[in-house]
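Here's the structure, in structure tokens; my notes come after.
The values are calculated or read from the model by the stated rules, or taken from the named source; none is laboratory data. Everything quoted here is computed from the prediction, not taken from an experiment. Using ideal geometry, Cβ is built from the backbone for each residue, glycine included, and neighbour counts are taken over all protein chains shown. Side chains included, ligands, DNA and RNA excluded: accessible areas come from the protein's heavy atoms. Shrake-Rupley method; radii C 1.70, N 1.55, O 1.52, S 1.80 Å.
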Amino acid sequence: MLVLGIETSCDETGVALYDASRGLLAHRLFSQIALHAEYGGVVPELASRDHIRKLLPLIDEVIVDAGVTAQDIDAVAYTKGPGLIGALLVGACTGRALALGWGVPAIGVHHMEGHLLAPQLEAAPPDYPFVALLVSGGHTQLIEVKALGEYTLLGESLDDAAGEAFDKAAKMLDLDYPGGPRLAVLAEGGQADRFRFPRPMCDRPGLDFSFSGLKTFTLNTVTKHAQTDGLPDDQTCSDIAYAFQEAVADTLVIKCRRALEQTGLKRLVVAGGVSANTRLREKLEIALSKIGANVFYARHEFCTDNGAMIAYAGCQRLLADQQEPLQVTVRPRWPMTELQGLGVS
Ligand code: KG4
Ligand code: ZN
């Protein structure tokens, strides 16, 4: 089964062709970072318009890259939610219309399920069951994954998502959007012993997160050391970035370890944009090796939004005979625990 995957939930137009027996055949991504940079964040209307411009040309390109024709495509998978409603509608309407025109089924995919399954595209994918840490710009969740589609929420952020906290801290340090990866680079020059930021909600039981206090702590530290231009000197900015990243990474690691202990599972999947963070990965490897657990990630380019994860997730659901009716529905908010399992566990 050859599946065309379409991702348009936020500021990346992603397209891929995944084949159930041959694996990933081709994928392309257009990032709108430059378009939104001058506004310091994603402008939803500009995002939707740009998806309209880029989507069909990218689909043509992956078809050529994969050496197939449109007639070879057996189904279309598109991101149905969660995300920006206008952006989602571009992918959903295009995907649904192409499937109708080609006379093949379509499936609406949950964006976070796409992230969660992205490590399955790697050479040594994790077996089920496992614990998943989903850390993106909009979500921070710990999920027990019994089988594909069978998700139990173990804990989540009560306020900001981890990626959102990275982006906001980066803004305080005058870094351009998207701040997370830029803050990580700035932190490389930071001194380890200069500041110690709080590890929120780690001193009490439970698997929920809260990053808003850490955000305030960061702002207070920036303000305290600000010079006449409103910013601390360059070294202090690096030191703050370092301390912030350490605090977020430690918090995530502590909760992951706790989730593994609570569930008795030995496999952890870390997915979503923040899973690209090198410091988080280093800390996870160390902490998990101590308890004999293994951690799995997607390759770097599939940690952030992409079409490959949507094609893969859609393919699994299509193989289990799930498909979308003709009507186009998108879900800007969509709890992953509402998803149906595939009935294979
Ligand atoms: O999964 P993703 O591409 O989009 C959403 O579904 O939200 O995640 C984007 C988020 C942004 O907040 C971005 O700053 C963060 O992931 N991010 C990082 C890194 N790379 C991306 N945060 C920290 N370190 C990174 N290396
Ligand atoms: Zn995402």
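Worth a mention:
- Residue selected from the stretch 191-247 under the condition among the charged types (D, E, K, R) and over 29 Å from the mean Cα position of the chain (by Cα), by the criterion farthest from LEU153 (Cα to Cα): ASP229
- Against the numbered list (1) surrounded by 22 or more Cβ atoms within 10 Å (Cβ to Cβ); (2) farther than 27 Å from GLU122 by Cα, PHE197 comes up short only at (1).
- Of all residues in the stretch 153-187 being in a loop (DSSP other than H, G, I, E, B), at pLDDT 95 or above and within 11 Å of ligand 1 (Cβ to nearest atom), the one that is nearest to the chain's Cα centre (by Cα): ALA161
- Restricted to the stretch 72-86, and to residues there that are of a type in the set (A, V, I, L, M, F, W, C) and in contact with a strand residue (DSSP E or B) (Cβ under 9 Å, 6 or more places away or on another chain), the residue that is farthest from ALA313 (Cα to Cα) is ILE73.
- Which listed residue, of ARG194, ARG182, is away from ligand 2 (no atom under 16 Å from the Cβ), out of contact with any Pro (no Cβ under 8 Å at 6 or more places or on another chain) and under 14 Å from ALA276 (Cβ atoms): ARG182
- Residue check for GLU246: within 15 Å of ligand 1 (Cβ to nearest atom), open to solvent by 40 Å² or more (accessible area, probe 1.4 Å) and part of a helix (DSSP H, G or I): no
- Summed over the stretch 270-294, the residues that are under 17 Å from TYR128 (Cβ atoms), open to solvent by less than 30 Å² (accessible area, probe 1.4 Å) and over 12 Å from the mean Cα position of the chain (by Cα) give a count of 1.
- For the stretch 124-147, the candidate set comprises residues that are charged (D, E, K, R) and in a strand (DSSP E or B); within that set, the residue that is farthest from ligand 1 (Cβ to nearest atom) is LYS146.
- Each residue in the stretch 295-323 was checked for being open to solvent by less than 20 Å² (accessible area, probe 1.4 Å) and either modelled with pLDDT under 95 or of a type in the set (Lys, Arg) (or both), and 1 pass.
- Of the residues making up the stretch 120-146, those that are open to solvent by less than 10 Å² (accessible area, probe 1.4 Å) and more than 14 Å from ligand 2 (Cβ to nearest atom) are PRO126, PHE130, VAL131, LEU142, ILE143, VAL145.
- Taking the stretch 1-44 as the region of interest, none of the strands (runs of 3 or more DSSP E) fully inside it holds 3 or more residues being away from ligand 1 (no atom under 16 Å from the Cβ) and under 20 Å from GLY83 (Cα atoms).
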